[in-house]
Amino acid sequence: MIGNSWDEILKDEFNQEYFKKLCSFVEGEYKSKTIFPKQNEIFNAFRYTPYENVKVVILGQDPYHGVGQAQGLSFSVRNEVGRPPSLQNIFKELESDLNIKVSNHNSLIPWAKEGVLLLNAVLTEKDKAASHKDQGWEIFTDAVIKKLNEKQSPIVFILWGSYARSKKEYITNPKHYIIESPHPSPFSAYSGFFGSKPFSKTNQFLQKNNLKPIEWQI
């Protein structure tokens with residue numbers, strides 16, 4: 001399904017009836033509608049960040065639904081399209097927090113390769129937001145969070161916004177560290193996202209636990 005250690009970690013989910021129904025639903029959607037991301041990119045977050053490499057999780061709600069935007073990684077879009085407002089605000093906070101000048105790149109694949117799992121709770125959608133909600137993706141991605149919670153090496157969970165923060169109930173392992181704030185959307189960024197310093201807090205925690213910090217420069 002994925003091609004790395006996640007296949008073994010998630011094999012029980014892949015065999016469950018809900019997941020088989022979900023796959024049939026998604027297959028039908030791709031045949032009859034315009035769906036984002038591309039079908040071969042649905043599991044990109046897992047392909048770029050194998051289970052054993054996960055040091056940070058940034059949880060999103062669902063993919064961007066504009067043409068050419070989604071690439072299977074939360075908050076990330078292709079370099080050739082315009083930068084969405086939430087991503088713009090993430091980069092503003094990165095510069096404020098770590099004095100990192102962000103390039104003109106929009107893709108967060110470099111973060112994924114550093115060990116940042118960019119996970120959306122709902123993995124595919126079409127021209128309107130959250131259109132694949134309640135089809136089974138949430139069951140699957142909640143299971144992913146639970147599997148990550150079992151990991152014995154420390155993980156930083158970055159939860160932006162009320163939806164991501166609602167997943168906190170699955171993160172019970174005291175080895176892990178939760179950073180939460182309002183969403184980077186323009187509607188809430190000034191309510192506590194700006195100034196929350198998630199990037200420096202993440203690296204401080206990783207270093208404290210003898211793990212290599214994330215290179216946030218893109």
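Some points to look at:
- Matching helices (runs of 4 or more DSSP H) fully within segment 101-218 where at least 2 residues are open to solvent by 80 Å² or more (accessible area, probe 1.4 Å) and modelled with pLDDT of 95 or more: 198-208
- Close pairs (7 angstrom Cβ cut-off, 6 or more residues apart or separate chains): over 21 Å from GLY192 (Cα atoms) and of a type outside the set (S, T, N, Q) in segment 97-109, open to solvent by 40 Å² or more (accessible area, probe 1.4 Å) and not in a loop (DSSP other than H, G, I, E, B) anywhere: LYS101/GLU95; VAL102/GLU95; ILE109/TYR48
- Total residues in segment 62-100, condition open to solvent by 20 Å² or more (accessible area, probe 1.4 Å), farther than 20 Å from SER200 by Cα and among the aliphatic types (A, V, I, L, M): 2
The values are calculated or read from the model by the stated rules, or taken from the named source; none is laboratory data. Remember, it's a predicted structure, so these values are computed and weren't measured experimentally. Quick reminder, even Gly has a Cβ in these numbers, built from the backbone with ideal geometry, and neighbours come from all protein chains shown. When the accessible area is computed, the model is the full protein with side chains, heavy atoms only, and any ligands, DNA or RNA have been set aside. Shrake-Rupley method; radii C 1.70, N 1.55, O 1.52, S 1.80 Å.
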